[in-house]
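Written out below as structure tokens is the structure these notes cover.
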Ligand code: NDP
């Protein structure tokens, strides 16, 4: 069999791999990409995109509530999970098709197979067994959910399974206090599921600004979500949540405080691990760090000189747009004679809980560690959509400013459309805007975002 030869072999057709493959092909390289699951990767298939659709679906619950305060009479509402799952699947099928077509129209050879490294230049396609000689290789295999090690952990679902549950449970216990636990806790609660979050630390969303963390936790509790802190799951066994021991329809969970709880479903949202198992990295001289992530330099080059890695498998900043930029920078640098790096500073982030978080730059605690004088500006107020109702919902906005240089170091927003606002505020922060320049920007009235340019007096 003639061995195919390519300039670039990309393992993994997620956000980073697809961008790199297309750009390298546009620069004239002969490129092959292999994907073992579905084109589009975690973001499109079982991450950001379907998650946001579920979040949007869940928020109708609040809209129906608020509509009455504006004079509407909303008739009986009923939510049908299978209808939402089917609609979501149509959309991700459409997006997957676009990913494939974009690769093909760029001239990339797309192969449906798991690919493993035999050495630094040889890739084996497990579906069919073909071997491909590659001048250069890009590993963009992403990550997968981490399962803590306790008895019965395999009885729990993860974010891989939650999108396609045949039916919603009456209740769910979610372990973890990060992005996924908060997002799914909030959305499932609004879809009618009784949610309990079990978190090992003192306050959820470690790493975010403390004011935001407290604000979100309070709002989640006000929405009926139970948050247990300083507790971990120790074991899960099948049980019945409907007092019918002969027909187990749920799970009994043993917690680290000795308590047991019955619940319809358990979900683990305890972080993600880089997808490196069985890839043959050692045969190719590609080293990993103590967390199993592929070690790379600023230019995404691994310890093997002709192999690069981008995205979640490198565990730098596990966000889709970051993987895309890393992939693009790699392709321009290596195949387009246009060297540049993905800058990992001041990357805006959102947690699509309800309330939503949008954040960019330093938290107050980080700023106080790094700068001698820090000014804090903070506003809390009722969003306009809830002023006619008896909703107690509050919006939070916070600016973290270096008092020495007047530079805005961080912007933190919690409430409706927080992510949309932060995308724009991130431009100013990235440009090094000062608080004075925020003040000089005329407010756009009446919006929530205008608070970002009208906070005059530091509160700390
Ligand atoms: P996160 O890292 O956000 O959170 C993991 C949570 O699990 C933390 O609260 C952590 O606690 C806890 N945890 C970790 N290990 C254990 C353990 N052994 N036992 C009990 N608890 C544990 O991960 P997620 O799984 O929520 O999400 C994975 C990644 O995907 C995110 O980090 C993010 O990069 C990305 N993502 C981004 C989204 C977005 O941009 N909106 C949405 C969803 C995911 P502790 O705080 O103590 O470490």
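The values are calculated or read from the model by the stated rules, or taken from the named source; none is laboratory data. Note that the structure is predicted; figures quoted are calculated from it, not measured. Here the Cβ positions follow ideal geometry from the backbone for every residue, glycine too, while neighbour counts run over all protein chains shown.
Quick notes
- Look at (1) without any contact (Cβ under 8 Å) to a residue 12 or more places away in the chain; (2) surrounded by 17 or more Cβ atoms within 10 Å (Cβ to Cβ) and you find that residue 277 fails only one, number (2).
- Cβ pairs under 6 Å, 6+ apart, first in region 199-224 and under 15 Å from residue 350 (Cα atoms), second in a strand (DSSP E or B) and within 13 Å of the ligand (Cβ to nearest atom): 212/357
- The listed residues are 340, 308, and the only one of them that is modelled with pLDDT of 95 or more, more than 16 Å from the ligand (Cβ to nearest atom) and surrounded by fewer than 19 Cβ atoms within 10 Å (Cβ to Cβ) turns out to be 340.
- Inter-residue pairs, beta-carbon under 7 Å, first farther than 16 Å from residue 145 by Cα and in region 37-52, second in a loop (DSSP other than H, G, I, E, B) and within 11 Å of the ligand (Cβ to nearest atom), 6+ apart: 52/352
- Taken as a whole, region 10-20 holds at least one residue that is in contact with a strand residue (DSSP E or B) (Cβ under 6 Å, 6 or more places away or on another chain), touching a residue at least 60 places away in the same chain (Cβ under 8 Å) and in a strand (DSSP E or B).
- Residue count for region 42-55, restricted to those that are assigned to a helix (DSSP H, G or I), within 12 Å of the ligand (Cβ to nearest atom) and in contact with a helix residue (DSSP H, G or I) (Cβ under 8 Å, 6 or more places away or on another chain): 9.
- Against the test of being modelled with pLDDT under 95, farther than 25 Å from residue 273 by Cα and not in a loop (DSSP other than H, G, I, E, B), the options 104, 135, 65 yield a single qualifying residue, 65.
- Scanning region 294-323 for residues that are without any contact (Cβ under 8 Å) to a residue 60 or more places away in the chain, in a helix (DSSP H, G or I) and within 20 Å of residue 282 (Cβ to Cβ) turns up just one, 314.
- A count restricted to region 404-460 and to residues that are out of contact with any helix residue (DSSP H, G or I) (no Cβ under 6 Å at 6 or more places or on another chain), part of a helix (DSSP H, G or I) and touching a residue at least 40 places away in the same chain (Cβ under 8 Å) stands at 12.
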